[in-house]
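Q: Handing you this structure, nothing more for now.
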Amino acid sequence: IVDSLHSVGILAFGPTKSAAKLEWSKAFSKDFMNRHGIPTALSATFSTFNEALAYSKTQTLPMVIKADGLALGKGVVIAQTHEEAETTLKSFMVDEAFGESGKTVVFEEFLEGPEISIHAFCDGTVAKLFPVARDHKRAGDGNTGANTGGMGAIAPISVSAEFLKEVEEKIVIPVMRGMAAEGTPFSGILYPGLMVTKAGIRVIEFNARFGDPEAQSYMRILDSDLLDIMLDCVEGKLAEREIHWNTGYACTVVMASGGYPGKYTSGLPIKGLNTVADSSVVVFYAGTAKDGEEVITAGGRVLGVSALGATSEEAKVNAYNGVKSLQFDGMQYRSDIGASWGI
């Protein structure tokens, strides 16, 4: 849509389709990182089922298998057995669970360590980092269960100035320079998902947009006008912009449909939306719809309950107090969002 709007002279915030390939093709993203010396997991890419299956049988466990294209946050499987790897490959490549997005797959070495979310406003040349956030991808407490689009986020988390400098110098600046050098300057939101391993920082994936639910926490603590920042990104003036953030914390807890990220039931009435009394709490609607005067569930991730606090613990307590005011049949949420907020 950015390309289409630009073609008729309308300003649009976000990357072009070619620049957004950093997100929509994991194979391209891995090649790009290797070309520009950006630290990431070792990988191999396959476009035929038989070759992918043969390769999987030679790999140690657990192994990471990713659909090349966009898959609503569900295109990554950490296979614990070779049988699970085969089932995953068949689902992606033969049964086309994600259509064209899964016809090419990327294998990655399994990495361990805390995951963090880095976001940056970009104008094609300059990038300015947000405070660091932590997303919680797994469905269950203690990072158990299936991968999801994200079950909650806290921002900021505690990191050192040296850590941020390393992220900027080894990841963000090389991305900006590399994309410009390849004729696809990146403008909009750059969101690398990182893992902090014993061997150092590694890029797990790139996104060309705000993270969800990270954006919900970020917007609660942003103290500058978002529109002004977006216009500076579009007009190449980001270097002149001072971006200010509030000194507090924001914790967002996702309330999901029972069964998510698998099969779930929609159309269930949501109770308590008018009873959240805490002024620090904002309830963001996601997978919802209107049925007359009633709000009902209409997706996997239904609500994002986001709260502010002077400390990370206060933000967490306020968010869960907000969650307690809400109810729909089968609802599920993690009880440990924000329990670990540093690295």
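Q: Report, in debye and to the nearest 20, how large the dipole of region 124-167 comes out about its Cα centre when Lys and Arg carry +1 and Asp and Glu carry -1 on their Cβ.
A: About 100 debye.
Q: Any idea how far the Cα center of region 92-136 sits from the one of region 28-82, in Å?
A: 12 Å
Q: What ³J(HN,Hα) values, in whole Hz, does the Karplus curve 6.51 cos²θ - 1.76 cosθ + 1.60 give for region 143-151 when θ = phi - 60°, with x put for Gly and Pro?
A: My calculation for region 143-151 gives 6, 10, x, 6, 5, 10, x, x, 9 Hz in order.
Q: Which one, Gly150, Gly140, Ala120, projects farthest toward the positive side of the charge dipole computed for region 119-218 from Cβ point charges (K/R +1, D/E -1)?
A: The residue sitting most towards the positive pole is Gly140.
Q: Residue separation times 0.36 nm, minus the C-alpha to C-alpha distance between Glu109 and His6: what's the value?
A: Difference between extended and current length: 33.2 nm.
Q: Please list 3J(HN,Hα) in residue order for region 212-219, calculated via the Karplus relation 6.51 cos²θ - 1.76 cosθ + 1.60 where θ = phi - 60°; whole Hz, with x for glycine and proline.
A: 10, x, 4, 4, 5, 5, 4, 5
Q: Still on this structure: For a quick check: with amide H placed at 1.01 Å from N, whose amide H comes under 5 Å from Ala146's, ignoring anything fewer than 5 positions away on the same chain?
A: Ala139, Gly140
Q: Which whole-Hz couplings ³J(HN,Hα) result when phi for each residue of region 113-124 is put into the Karplus expression 6.51 cos²θ - 1.76 cosθ + 1.60, θ = phi - 60°, listed in order with x for Gly and Pro?
A: For region 113-124, the Karplus-derived couplings read x, x, 9, 9, 10, 9, 10, 8, 6, 9, 10, x Hz, x marking Gly and Pro.
Q: Where Lys and Arg each count +1 and Asp and Glu each count -1, what net charge lies around Glu242 among other residues with Cβ under 14 Å from its Cβ?
A: Net of charged neighbours comes to -2.
Q: Something else about it: Would you be so kind as to identify which of Ser312, Met63, Tyr264 lies farthest towards the positive end of the dipole of the chain, taking Lys and Arg as +1 and Asp and Glu as -1 on Cβ and the Cα centre as origin?
A: In the chain, that residue is Met63.
Q: Using a/c under 1.5 as the rounded threshold, could you call region 146-233 rounded, prolate or oblate? The axes a ≥ b ≥ c are square roots of the C-alpha gyration tensor eigenvalues, and prolate needs a/b larger than b/c, oblate otherwise.
A: Because its axes are fairly even, with a/c under 1.5, region 146-233 counts as rounded.
Q: What is the order of Leu89, Leu72, Leu164, fewest Cβ neighbours within 10 Å to most?
A: Least crowded to most crowded, the residues run Leu72, Leu164, Leu89.
Q: Quickly work out the Leu61-to-Trp245 label distance, labels modelled 7 Å from Cα along the C-beta direction, and quote it in nm with one decimal.
A: 4.0 nm
Q: What net charge is computed for the residues neighbouring Asp232, neighbours being all others with C-beta under 9 Å from the C-beta of Asp232, Lys and Arg scored +1, Asp and Glu -1?
A: -2
Q: Would you look at the GNM of the chain, springs on alpha carbons closer than 10 Å, and say which of Ala52, Ala199, Ala286 moves the most?
A: Ala199
Q: Mind listing the long-range amide H neighbours of Thr197? Cut-off is under 5 Å, sequence gap 5 or more, other chains count too, H placed in the peptide plane at 1.01 Å from N.
A: Those qualifying (amide H under 5 Å, at least 5 residues apart or on another chain) are Arg202.
Q: Using the Cα centre of the chain as origin and beta-carbon charges of +1 (Lys, Arg) and -1 (Asp, Glu), tell me which of Ile78, Val234, Ala19 is placed farthest towards the positive end of the dipole.
A: The one lying farthest along the dipole's positive direction is Ile78.
Q: Oh, and also: How big is the dipole moment of the chain about its Cα centre under a simple scheme where the beta carbon of each Lys and Arg is +1, that of each Asp and Glu is -1, and everything else is neutral? Debye, nearest 20, please.
A: Computed charge dipole of the chain: roughly 380 debye.
Q: Another question, if that's okay. So, in Å, what gap is there between the alpha-carbon centers of region 268-308 and region 235-264?
A: Between the Cα centres of region 268-308 and region 235-264 lies a distance of 17 Å.
Q: Pop out the Kirkwood hydrodynamic radius of region 69-149 from its pairwise C-alpha distances, inverse of mean 1/r, in Å to one decimal.
A: Computed over region 69-149, the radius equals 15.1 Å.
All of the numbers you see were taken from the coordinates with simple rules; none came from a lab. Everything numeric here is computed off the predicted structure, so don't read it as measured data. No Cβ is skipped: glycine too gets one built from the backbone with ideal geometry, and neighbour counts run over all protein chains shown.
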